[in-house]
Amino acid sequence: MTDISEIHTHYMAQARRKRGLNGILLILFVALLVAGFMTANDRNAGGFWDGLPNALDFPADVASEAIARIAYLPGYFVKYLPSMIETINIAGAATLFGAIGGLMASLMVTRGLAPFPWLIGPLRRVLDILRAVPEIVVALVLIFMLGGGPIPAMIAIALHTVGALGKLFSEVNENASLKPVEGLASVGASWTQRMWFGVIPQVAPNYISYALLRFEINIRASAILGFVGAGGIGYDLRNTMSWGQGKFDEAAAIFLLLFITIVVVDQVSSWARDRLTHGKSSERKVAS
Amino acid sequence: MTASTTDIHTSVLPLFQRKRVTAIAWPLVIILYLCYTLFSFDILGLGERVNLKNAQTLVSDAYSYKTHVTLDNRNGATSVSIEGERKGTYPDGTAPEWVTLGADQTADTLVDLGDGYLVTLGETVRFEIPDYGTFTATPGRTGVNATFPAGDLPNWISASKNRVAITTDAGRLSVTRNRAEVFKYAYGWELFFFTLDSPYHGMGIATLASHAFSGEAGAIANDFWTNKMWRHGDVAWALVETVLMAFLGTFGAAIIALPLGFLAARNFTPLGSLRFAARRVFDFLRGVDGLIWTIILSRAFGPGPLTGSLAILLTDTGSFGKMFSEALENVDEKQIEGISSTGAKPLQRYRFGVIPQITPVLLSQVLYYFESNTRSATIIGAITGGGIGLLLTQAIATQKDWEEVSYYIVLIILLVMSMDSLSGWLRNKLIKGDEGGH
């Protein structure tokens, strides 16, 4: 009996201590959040409470101008469609180059598959750095050297994609079965052949699924880079925005175009990814 | 037996054929697409647009600096400055040891560029170049009046009536009617710790330490912090602002998205229309994209870290809401039933039945986003004007402070990587710590 009550008091004391500790952590977190908000508010050009009532002014301006000239909207869609396609192409080419680079890098940094094991550590650091550099940094430096246009943006996004996909792909590779690789090695296949016929078929669906997810992210990145001078829809958006009132209807058309593109790409890619990870496997089962 | 083998054979052959075709078709399609995009990006025109000189300045500037020694021909004054900037000008009468200033305004200034390259700045400008000869010029109203050693001009000299530029390995000399200027290149980031007006400039670590111990630590720190060339204080603040944007945006979004996530989860909100509305709100927030949110918000709140935080907050509320509602739909009902069997009220059911189950999932997602948002905050800062992103775009816009650009890039990489390890460490700590029981 005494045992149980002893355990009970002991347990209660521990629970209290844990709750107390959690409470302190929570208070600390809230304090940090509030202090952070105050600091950000102080250092901002306009304050939060002053700006809040105006938050909807600009969307209202844009919307009213767009509605007043709604007849022009289809024309604007046609006008800006090439830029939108350029933005998509930047993302598409960057994703492809990034996926190809990431594929090679991932095979080089996976233990058991790497042709030069001593290279694994340094290459992983390189991937870390590629992932850590924001695209805008590379893009701005390249714009200075190569001039404006889509190519700096493509290179910048592709480099970041190599870092991101290289890491994800190597995690996929680690789960691949080594038996086909050993089988191929036993018949004298070269490293390239072992990877191409032994590993890639196992991991391809996961690769494509990750690459599609990256494509969604890259479209957003490519629109942002356009805004700092790398061509595409972002560039047009900045021009119409800096024009100000009078071109807000065109800005609205670009907003809509970008929004629709992002939503459509998200939907299509999530459908395709779902099929790659679930639908395809059941289909294969039926076939075999 | 043989019949069935041929059956299999005939059925397998087309399958193989199809596989072979797709194996070739996919790479072909990809290559065609890449060709199309590269041509539509005008890759061939890139050769004309490439500015190799820019690339050269950028790279050499990133690891070296130049010192200007300038003689103004109109008033005869000589000045020495780092990168030709006023902030880096040597005080009157002082100069680095390779410059011998004239005793007074009329006396010549000697600049020793090393390896026998010797420049004399005065009414007559002389440049002794080993293996070539001596160049002299007497700039005046009639032009530079240059005389060269006999023979054709080498390609590292460009000369006209009013301007001569000589580029050698040891340094550069440029003479115009109004001024003669010598540029000497050296490795490193000059004035990184202290500017020339600080008494601590040029001191070794040991001397500095002894000064610090004798009660000057505050002054030393202040001189470093307020360094006018490198602005360490401002840079530190910019980094803090960037992290602040990511922190406020990510955790603010998580706090807002949690209750909304319950609204969008099938097992917590039986009302279909409410669920539908919540999900469309998430889709809208995500679909509008950070770029558009940034533009809209910077109109209302002006540039600064708050605008960036709010832009991250809005976008991530959409992402978190979607992820949270999915996590909530996968919650194990048994634990909730167990809690309700003890007579728990709805709030207690959530607190003890649901929250402990989803906390590890949510926390790891939120922390992962925190790390990736540090990077986004740099980008948003460059657009809306705040944090290290703003400093970076400003430094790039000057097109000459590339040493600062590389400094900022290094800082950004270090910042993102340390946020990466911090969030990984926190993830391990919090999630492992939670398994101990609730």
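The values are calculated or read from the model by the stated rules, or taken from the named source; none is laboratory data. Everything numeric here is computed off the predicted structure, so don't read it as measured data. Ideal geometry is used to build each Cβ from the backbone, glycine not excepted, and the neighbour counts take in all protein chains shown. Surface accessibility is based on the protein's heavy atoms, side chains included, excluding ligands, DNA and RNA. Shrake-Rupley method; radii C 1.70, N 1.55, O 1.52, S 1.80 Å.
Structural remarks
- Identity of the residue in the range A:73-95, free of Cβ contacts under 8 Å to residues at least 40 places away in the same chain and of a type in the set (A, V, I, L, M), that ends up farthest from the other protein chains (Cβ to nearest Cβ): A:V78
- Among residues that are modelled with pLDDT of 90 or more and within 13 Å of another protein chain (Cβ to nearest Cβ), A:A60 is not included.
- Condition met for A:G229 (open to solvent by 10 Å² or more (accessible area, probe 1.4 Å) and under 28 Å from A:V137 (Cβ atoms)): yes
- Matching residues, the range B:315-329, being within 19 Å of A:D266 (Cα to Cα) and either away from every other protein chain (no Cβ under 11 Å) or surrounded by fewer than 24 Cβ atoms within 10 Å (Cβ to Cβ) (or both): B:D316, B:T317, B:G318, B:S319, B:F320, B:G321, B:K322, B:M323, B:F324, B:S325, B:E326
- Of the residues examined, A:A211 is not one that is part of a helix (DSSP H, G or I), under 19 Å from A:S83 (Cβ atoms), in contact (Cβ under 8 Å) with a residue 24 or more places away in the chain and under 17 Å from the mean Cα position of the chain (by Cα).
- With respect to the conditions (1) within 21 Å of B:V240 (Cβ to Cβ); (2) surrounded by 15 or more Cβ atoms within 10 Å (Cβ to Cβ), B:S421 falls short on a single one, namely (2).
- Counting the residues of the range A:232-247 that are surrounded by 23 or more Cβ atoms within 10 Å (Cβ to Cβ) and within 11 Å of A:Y76 (Cβ to Cβ) gives 1.
- Subset of the range B:53-74 (residues that are surrounded by fewer than 13 Cβ atoms within 10 Å (Cβ to Cβ) and without any contact (Cβ under 8 Å) to a residue 24 or more places away in the chain): B:K53, B:Q56
- Checking the stated criteria, B:F268 turns out to be touching a Phe, Trp or Tyr at 6+ places or on another chain (Cβ under 7 Å), assigned by TED's automatic domain parsing to the domain that holds B:M323 and not in a helix (DSSP H, G or I).
- Taking the criterion of being out of contact with any Ser or Thr (no Cβ under 6 Å at 6 or more places or on another chain), open to solvent by less than 70 Å² (accessible area, probe 1.4 Å) and not polar (S, T, N, Q), the residues of the range B:170-185 that qualify are B:A170, B:G171, B:L173, B:V175, B:A180, B:V182, B:F183.
- Test: residue in the range A:174-196 that is within 13 Å of chain B (Cβ to nearest Cβ) and among the aromatic types (F, W, Y): yes
- In the range A:141-169, residue nearest to the other protein chains (Cβ to nearest Cβ) [restricted to those that are small (G, A, S) and crowded, with 24+ Cβ neighbours inside 10 Å]: A:A153
- Within the range A:176-188, one or more residues are hydroxyl-bearing (S, T, Y) and surrounded by fewer than 18 Cβ atoms within 10 Å (Cβ to Cβ).
- So A:A105, is it within 14 Å of another protein chain (Cβ to nearest Cβ), hydrophobic (A, V, I, L, M, F, W, C) and surrounded by 20 or more Cβ atoms within 10 Å (Cβ to Cβ): no
- Beta carbons closer than 8 Å, at least 6 apart along the sequence or on distinct chains, pair a first residue in the range A:40-69 that is within 22 Å of A:F248 (Cβ to Cβ) with a second that is among the β-branched types (V, I, T) for A:A55/B:I296; A:F58/B:I296; A:P59/B:I296.
The rows are residues; the columns are (1) in contact with a strand residue (DSSP E or B) (Cβ under 6 Å, 6 or more places away or on another chain); (2) outside the structural domain of A:G246 (by TED's automatic domain parsing); (3) surrounded by 15 or more Cβ atoms within 10 Å (Cβ to Cβ).
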site	(1), (2), (3)
A:H8	no, yes, no
A:R17	no, yes, no
A:I24	no, yes, no
A:F37	no, yes, yes
A:W49	no, yes, no
A:L56	no, yes, no
A:Y80	no, no, yes
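- Residues that are surrounded by 13 or more Cβ atoms within 10 Å (Cβ to Cβ) and without any contact (Cβ under 8 Å) to a residue 12 or more places away in the chain within the range A:108-121 comprise A:A114, A:L119, listed in sequence order.
Condition check ((1) more than 23 Å from the chain's Cα centre (by Cα); (2) assigned to a helix (DSSP H, G or I); (3) at pLDDT 90 or above) across all residues:
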| site | (1), (2), (3) |
| --- | --- |
| A:I155 | no, yes, yes |
| A:H160 | no, yes, yes |
| A:L168 | no, yes, yes |
| A:E182 | yes, yes, yes |
| A:P201 | yes, yes, no |
| A:G229 | no, yes, no |
| A:L237 | no, yes, no |
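- Filtering the range B:330-355 to residues that are aliphatic (A, V, I, L, M) and open to solvent by 80 Å² or more (accessible area, probe 1.4 Å) leaves only B:L347.
- Whether a residue is under 11 Å from the mean Cα position of the chain (by Cα) and away from chain A (no Cβ under 11 Å) was assessed, and B:Y369 does not pass this test.
- In the range B:299-312, the residues that are surrounded by fewer than 24 Cβ atoms within 10 Å (Cβ to Cβ) and either in a helix (DSSP H, G or I) or without any contact (Cβ under 8 Å) to a residue 24 or more places away in the chain (or both): B:R299, B:A300, B:G302
- Filter result (surrounded by 18 or more Cβ atoms within 10 Å (Cβ to Cβ) and over 28 Å from B:S60 (Cβ atoms)) within the range B:211-236: B:I220, B:D223
- A single member of B:P149, B:P199 is outside any strand (DSSP E or B) and modelled with pLDDT of 80 or more, and it is B:P149.
- Subset of the range B:79-124 that is open to solvent by 60 Å² or more (accessible area, probe 1.4 Å) and within 15 Å of B:G171 (Cα to Cα) - its residue that is farthest from the chain's Cα centre (by Cα): B:L110
- Residues of the range B:384-411 satisfying the condition of being at the interface with chain A (Cβ under 8 Å from one of its Cβ atoms) and open to solvent by 20 Å² or more (accessible area, probe 1.4 Å): B:T393, B:Q399, B:I409
- Criterion: within 28 Å of A:D42 (Cα to Cα) and either open to solvent by less than 50 Å² (accessible area, probe 1.4 Å) or part of a helix (DSSP H, G or I) (or both) - qualifying residue of B:L208, B:L260, B:L244: B:L244
Each row is one residue, and each column tells you yes or no for (1) over 18 Å from B:T374 (Cα atoms); (2) polar (S, T, N, Q); (3) touching a Leu at 6+ places or on another chain (Cβ under 9 Å); (4) in contact (Cβ under 8 Å) with a residue 40 or more places away in the chain.
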{"site": "B:E241", "(1), (2), (3), (4)": "no, no, yes, yes"}
{"site": "B:M245", "(1), (2), (3), (4)": "no, no, yes, yes"}
{"site": "B:G249", "(1), (2), (3), (4)": "no, no, yes, yes"}
{"site": "B:G252", "(1), (2), (3), (4)": "no, no, yes, yes"}
{"site": "B:P259", "(1), (2), (3), (4)": "yes, no, no, no"}
{"site": "B:F262", "(1), (2), (3), (4)": "yes, no, yes, yes"}
{"site": "B:R266", "(1), (2), (3), (4)": "yes, no, yes, yes"}
{"site": "B:A278", "(1), (2), (3), (4)": "yes, no, yes, yes"}
{"site": "B:F284", "(1), (2), (3), (4)": "yes, no, no, no"}
